[in-house]
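Worksheet: the structure to be examined is printed underneath.
The values are calculated or read from the model by the stated rules, or taken from the named source; none is laboratory data. What you are looking at is a predicted structure, and each value in this text was computed from that prediction instead of being measured. As a convention, Cβ positions derive from the backbone with ideal geometry for all residues, glycine included, and neighbour counts pool all protein chains shown. Calculation scope for accessible area: heavy atoms of the full protein, side chains included, ligands and nucleic acids excluded. Shrake-Rupley method; radii C 1.70, N 1.55, O 1.52, S 1.80 Å.
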Amino acid sequence: MGVLSNQITTDQLRPGDHIYSWRHAYIYSHHGIYIGDGKVIHFTRGGGHEIGTGTVLDRVIFSWSPSNSADNPCPNCGDQSRVDGVISSCLDCFLSGGNLYRFEYGVSPVLFIAKARGGTCTLAACDPPEDVLHRAFFLLENGFGVYNIFKNNCEDFAIYCKTGLLVFTNISVGRSGQAASLLAAASAVVSSPLRYLTTSVSGLTAVGCGMYCVSRLVSDMGVRRDVSKVAVERLVADASSLGEVEVSADMAK
């Protein structure tokens, strides 16, 4: 793995790895936790049930389309086209014909910025594999709340399993690097007062790139301060907090 790609082969997989696969010409990626024996636990709205915010973005950008339809179910997983929430699938169904990539943790700020595409790495450190697997299996049995493309998507699920970190404010996106990158790109120049310092195309491009990188960096779980470590048992016990994927001040203590 390196700056250009996090692609790995199946023989490099280890239980507790946060893996992902790009969908639809690299428009977005689907994330999950590898648990061994060719199985992945991941969070999905299911085929045809991707609406989390009520916008077309849910279906176009963050939907998950299983590789096997109801007419041709996977011999290992069966028909998962209408299944949503936290589910377990074989690696082939999870990849849905795509390549295999491993999400990186504890990267340096320089490497984080160099990987311009969000949803591939974080500055945050990850926990030992046994803790990661405990969270993933617990959430498989108890769920991870309501799917939302900006605050509670498949990447949010995988990052929580790896770190135990949750956002405890209600003014920003969740843990997802993909969501943070999308918002950073949308506001890179439009919302920056620095755009008034230049009128040239090259100047606006430089301002836009700079704001994009800064926005991504300050939204990363390894940098931001509005996060707290929350035990998975406590998370599930508070159903209302789980539904919104945001932790109350009391819960964050």
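Structure above, values below:
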| quantity | calculated |
| --- | --- |
| Residue, nearest to Val223 (Cα to Cα), within the range 77-107, restricted to residues that are among the hydroxyl-bearing types (Ser, Thr, Tyr) and at pLDDT 90 or above | Tyr105 |
| Residue ID - modelled with the lowest pLDDT, chosen from residues in the range 237-253 that are under 22 Å from Val86 (Cα atoms) and open to solvent by less than 30 Å² (accessible area, probe 1.4 Å) | Leu242 |
| Subset of the range 136-170 (residues that are closer than 17 Å to Phe103 by Cα and charged (D, E, K, R)) | Glu155, Asp156, Lys162 |
| Residue selected from the range 89-128 under the condition among the charged types (D, E, K, R) and open to solvent by 20 Å² or more (accessible area, probe 1.4 Å), by the criterion nearest to Asp79 (Cα to Cα) | Asp92 |
| For Asp37: the one exception among (1) surrounded by 13 or more Cβ atoms within 10 Å (Cβ to Cβ); (2) more than 17 Å from Glu104 (Cα to Cα); (3) modelled with pLDDT of 85 or more | (1) |
| Pairs, first in contact (Cβ under 8 Å) with a residue 60 or more places away in the chain and on the phi > 0 side of the Ramachandran plot in the range 131-143, second aliphatic (A, V, I, L, M) and not in a helix (DSSP H, G or I), C-beta under 7 Å, six or more apart | Gly143/Val86 |
| Yes/no for Glu141 being in a helix (DSSP H, G or I), open to solvent by 50 Å² or more (accessible area, probe 1.4 Å) and modelled with pLDDT of 80 or more | yes |
| Residue identified as open to solvent by 30 Å² or more (accessible area, probe 1.4 Å) and modelled with pLDDT under 95 among Gly48, Gly52 | Gly48 |
| Condition check for Val86: closer than 18 Å to Arg224 by Cβ and of a type in the set (A, V, I, L, M) | no |
| Qualifying residue in the range 151-160 (condition: out of contact with any Ser or Thr (no Cβ under 6 Å at 6 or more places or on another chain), at pLDDT 55 or above, closer than 27 Å to Thr44 by Cα and open to solvent by 30 Å² or more (accessible area, probe 1.4 Å)) | yes |
| Residue in the range 110-126 that is part of a loop (DSSP other than H, G, I, E, B) and touching a Pro at 6+ places or on another chain (Cβ under 7 Å) present | yes |
| Per-region count, the range 19-35, residues free of Cβ contacts under 8 Å to residues at least 12 places away in the same chain and among the hydrophobic types (A, V, I, L, M, F, W, C) | 1 |
